[in-house]
1. Among 166-179, 83-96, 58-71, how do they line up from the highest to the lowest mean number of other beta-carbon atoms within 10 Å?
2. Quick one: net charge around residue 106, please, counting Lys, Arg +1 and Asp, Glu -1 for every other residue with C-beta under 12 Å from its C-beta.
3. Multiply the residue gap between residue 139 and residue 85 by 0.36 nm, knock off their C-alpha separation, and tell me the result in nm, one decimal place.
4. What net charge do the residues around residue 171 carry, taking every other residue with its C-beta under 14 Å from that of residue 171, with Lys and Arg at +1 and Asp and Glu at -1?
5. Quick check: residue separation of residue 7 and residue 158 times 0.36 nm, minus the Cα distance between them. What number comes out in nm?
6. Hey, what did the stretch 79-192 get for relative contact order, percent, Cα under 8 Å, at least 6 apart?
7. Run through every distinct alpha carbon pair of the stretch 32-105 and return the Kirkwood hydrodynamic radius in angstroms, one decimal place.
8. Can you compute the FRET efficiency between residue 186 and residue 71 using 1/(1 + (r/R0)^6), with r the Cβ-Cβ distance and R0 = 41 Å? Round to the nearest 0.05.
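Derivation of every value follows stated rules applied to the coordinates shown; laboratory data play no part. Since this is a predicted model, take the numbers as computed values, not measurements. All Cβ positions, glycine included, derive from the backbone under ideal geometry; neighbour counts span all protein chains shown.
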Amino acid sequence: MRWRYLISLLASSVLFGCAGDKPVLRDTTRSLALNWHRSEWRFCETAECATPTPKTVLLVSSPPVVEPVTLTPQKPVPTVKRTRTISVPFKFASASVTDEAEQIIRKAVAQREAGDSIPVEGRTDDLGSQTFNDRLARKRAEAVVAILNRLGVKGDIEIHSQGKCCYATANLSEKSRAKNRRVDLQISTTQKE
């Protein structure tokens with residue numbers, strides 16, 4: 001009876017094992033993967049794991065790269081500014097411009113460039129008081145400026161006056177004193193090289 005019992009037990013276990021959906025295989029290896037699925041981590045068969053769905057990505061092209069343009073500065077045309085001193089003579093103790101002195105002024109104005117500044121400096125000799133010579137030097141400079149204005153000279157005209165000072169020559173004779181009774185014009189001319 002024992003044999004019968006063992007055979008029936010063995011047959012029932014075989015039938016019970018076959019009754020399930022999948023047979024249980026003991027010596028087979030399975031490939032498992034850890035996968036994030038529905039907000040939690042789960043183990044799944046590698047072939048059955050959830051795979052990412054394809055996404056459409058909009059690629060925005062970068063703006064074109066523009067090389068900076070470097071401008072080479074043009075070399076300025078070299079200019080040479082030449083300044084000449086023109087002396088306008090005056091008679092003893094007088095601030096009146098003579099015809100000869102006016103011709104000197106006209107010639108100087110014709111050679112100058114428009115827009116240049118003209119310093120005008122009135123001078124005297126050493127005869128007379130300091131106060132008298134200072135006023136006389138100023139009147140001489142103003143008389144020359146009046147002629148420049150009448151000739152239509154535009155630009156900066158600077159008036160300076162120095163009475164008993166800054167002589168062209170030593171006041172040793174009437175001839176040397178006559179050289180000191182003057183108005184100096186600084187005439188600038190611009191020349192391109």
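1. Final packing ranking: 83-96, 166-179, 58-71.
2. Around residue 106, the charge tally is 0.
3. 17.5 nm
4. +4
5. Gain in length upon complete extension: 40.4 nm.
6. Averaging sequence separation for qualifying contacts and normalising by length gives 46 percent for the stretch 79-192.
7. 23.4 Å
8. Using R0 = 41 Å, I get an efficiency of 0.65.
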